[in-house]
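The values are calculated or read from the model by the stated rules, or taken from the named source; none is laboratory data. None of these values were measured; they are calculated from a predicted model. Virtual Cβ from ideal backbone geometry, glycine too; neighbours counted across all protein chains shown.
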Amino acid sequence: MMDMLQSLALASVMVVATVLIHFWGLMGLIRIMGESGAHRRARGGYLGQASVILFVVFGIFALHTIEIWLYAAGYLWLGEMQTLEPALYFSTVTFVALGYGDVVLSPQWRLVSAIEAANGVILIAWSTTFMFSVTSRLRMLEHDWLDKAD
């Protein structure tokens, strides 16, 4: 029972940390896009829109990388993995809910990995929604710009 409570406590801390990283990271992307005049660049045609989209995609990828590394560091800290490579590998395939199963945690901590998978799916869905919102906004700006040009 104590093992399960420890796993749930650690998993809860990790979920809170990764959700906050994701939230503040997305807010940072929004702020950078606003300060860099992304809407003006988007009006510059497909090249401008492409630069905004690529910026957002790489920003989201960076956020997921940080979150995966945080879980990997947790597995190293717990002693579940001896080196960084298997910890990163395990965390990545767990975070994206691929779960090959060739590397597993001990029964004491495996609940953490199950919650990492759920956490990863939710954060990836959030990122997808954010990306959809950005591209939709770019399309609206393009239509507004084309309407004003007529």
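Considering (1) buried (at least 19 other Cβ atoms within 10 Å of the Cβ); (2) more than 19 Å from Phe23 (Cα to Cα); (3) under 12 Å from the mean Cα position of the chain (by Cα), the lone condition that Thr92 does not fulfil carries the number (1). Just one of the listed residues (Ala62, Ala50, Ala87) is crowded, with 19+ Cβ neighbours inside 10 Å and either more than 18 Å from the chain's Cα centre (by Cα) or part of a helix (DSSP H, G or I) (or both), namely Ala87.
Going by the conditions given, is Val52 touching a Lys or Arg at 6+ places or on another chain (Cβ under 7 Å) and modelled with pLDDT under 95? Yes, satisfied. Somewhere in the range 95-114, is a residue modelled with pLDDT of 95 or more and touching a Phe, Trp or Tyr at 6+ places or on another chain (Cβ under 6 Å)? The answer is no; no qualifying residue exists. Annotation note: Cβ proximity below 7 Å between a residue of the range 1-30 that is touching a residue at least 60 places away in the same chain (Cβ under 8 Å) and closer than 15 Å to Pro107 by Cα and a residue that is among the β-branched types (Val, Ile, Thr) and surrounded by 13 or more Cβ atoms within 10 Å (Cβ to Cβ) (sequence gap 6+ or interchain) occurs for Ser7/Val112; Leu10/Val112; Ala11/Val112; Ala11/Ile115. Checked against the criterion of being crowded, with 16+ Cβ neighbours inside 10 Å, farther than 19 Å from Gly28 by Cα and either modelled with pLDDT under 95 or of a type in the set (S, T, N, Q) (or both), the range 130-144 contains one or more residues that satisfy it.
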